[in-house]
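The values are calculated or read from the model by the stated rules, or taken from the named source; none is laboratory data. Because the structure is a prediction, the values reported are computed rather than measured. Ideal geometry is used to build each Cβ from the backbone, glycine not excepted, and the neighbour counts take in all protein chains shown.
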Amino acid sequence: MTPGERAAALEQLAAEVRGCTACRLHRGRTHAVPGEGHPETEVVFVGEGPGQNEDQQGRPFVGAAGGLLTELLELVGWRRDAVFITNVVKCRPPGNRDPEPDEIAACAGFLHRQLEALDPAVVVTLGRYSLGTFMPGAKISTAHGTVRPVDPATGAPSAVAFAMYHPAAAFRQTALKETLVADMANLPQVLLDARKARSTRIEGAGVDAEEGASRPAAGAPPGADLEAEADTPDDATFDAGPAAEPAVPDEQPPLAPATEDAPDDSDRTDQMTLF
Ligand code: URA
């Protein structure tokens with residue numbers, strides 16, 4: 001899919017979501033909330049469903065939980081508009097109740113098509129219902145901070161899921177903020193590992209690895225993106241288990257070529273491009 005085709009597919013989907021009447025949730029909505037973000041991103045965050053603020057604005061994670069999510073992203077130097085943020089259900093369940101199974105099922109096709117179009121390397125699950133979609137049977141208390149391959153039946157053809165607590169959980173249990181911070185600190189390394197594994201799979205499938213491994217940002221300087229490498233030959237990387245310990249990956253090219261005077265920034269995660 002070209003960037004233009006991807007953006008058009010996501011726009012078409014958003015229009016369908018805004019007009020959807022497939023389940024009872026459409027009756028109480030002010031706005032449907034299709035999701036938003038960079039069409040070329042490698043990282044998709046999937047929450048549970050819109051709350052009151054999201055329903056009013058038609059945008060995901062714009063209330064208090066969204067403020068914390070943005071803060072967490074900033075901790076690793078990522079901008080909110082460099083990722084894609086969406087939800088399992090696209091309309092607000094009344095009174096912020098949990099979404100019903102038939103409501104999730106009615107909306108599943110939209111999430112599936114979003115993931116198909118975005119083809120992310122990493123799907124970050126936020127909360128129980130998202131976890132249940134991408135890591136069926138997992139419990140958040142033990143799954144948070146771990147990765148698992150995503151079933152392509154979800155729509156994401158070649159991704160890993162990275163489980164996190166829902167940011168709103170930190171408002172109920174303040175100690176969870178530290179957990180969210182610690183898990184988020186590992187996300188850049190999870191992305192680096194996922195890129196490697198994708199390039200390995202793509203090479204195995206006979207596709208040019210550099211082309212398939214990542215999508216260079218328009219106008220990005222040479223070296224802005226991670227070189228595709230093929231030295232991670234197995235999927236064992238993504239066996240469930242704690243994500244890599246260090247918050248700082250051991251390899252990361254600088255955005256601009258290093259000069260003699262410039263400090264070596266090659267291990268900085270805050271310079272990662274996500275698309
Ligand atoms: N909580 C969610 O799960 N999604 C939102 O968009 C906002 C809050």
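Helices (runs of 4 or more DSSP H) wholly in segment 125-196 with at least 2 residues that are free of Cβ contacts under 8 Å to residues at least 12 places away in the same chain - which ones? Talk me through it step by step, then tell me what you get.
Values: elements: 128-134, 140-143, 169-172.
Where helices (runs of 4 or more DSSP H) fall fully within segment 125-196 and carry at least 2 residues being free of Cβ contacts under 8 Å to residues at least 12 places away in the same chain, they are 140-143.
May I ask you to list the residues in segment 3-24 that are acidic (Asp, Glu) and either buried (at least 17 other Cβ atoms within 10 Å of the Cβ) or touching a helix residue (DSSP H, G or I) at 6+ places or on another chain (Cβ under 9 Å) (or both)? Result: Glu5, Glu16. Take the conditions (1) more than 23 Å from Met272 (Cα to Cα); (2) within 16 Å of the ligand (Cβ to nearest atom); Ser141 misses just one of them, which is (2).
Scan segment 143-151 and give yes if some residue there is charged (D, E, K, R) and under 14 Å from Gly47 (Cα atoms), otherwise no. Give the steps one after another, and end with the answer.
Restricting attention to segment 143-151, the residues satisfying the condition of being charged (D, E, K, R) are 148, 151.
Now restrict to residues that are under 14 Å from Gly47 (Cα atoms): none.
No, segment 143-151 has no match at all.
Please work out which residue is surrounded by the most Cβ atoms within 10 Å (Cβ to Cβ), limiting yourself to segment 102-131 and to residues that are away from the ligand (no atom under 13 Å from the Cβ) and of a type in the set (Gly, Ala, Ser). Here the answer is Ala121.
Taking Glu16 as the residue in question, decide whether it is more than 26 Å from Pro94 (Cα to Cα), away from the ligand (no atom under 13 Å from the Cβ) and at pLDDT 95 or above.
On the way: more than 26 Å from Pro94 (Cα to Cα): no; away from the ligand (no atom under 13 Å from the Cβ): yes; at pLDDT 95 or above: yes.
No, not satisfied.
The set of residues in segment 31-51 that are within 13 Å of the ligand (Cβ to nearest atom) and of a type in the set (D, E, K, R) comprises Glu36, Glu48. From the list Gly63, Gly58, Gly67, the one residue that fits, being within 14 Å of the ligand (Cβ to nearest atom) and either of a type in the set (D, E, K, R) or under 17 Å from Glu178 (Cα atoms) (or both), is Gly67.
Pairing residues of segment 28-53 that are in contact (Cβ under 8 Å) with a residue 12 or more places away in the chain with residues that are of a type in the set (Phe, Trp, Tyr) and within 13 Å of the ligand (Cβ to nearest atom), at Cβ distances under 6 Å and at least 6 apart in sequence or on separate chains, gives Gly37/Phe84; Thr41/Phe84; Val44/Phe84; Glu48/Tyr129. The set of residues in segment 198-210 that are in a helix (DSSP H, G or I) and either of a type in the set (Val, Ile, Thr) or modelled with pLDDT of 95 or more (or both) comprises Thr200, Ile202.
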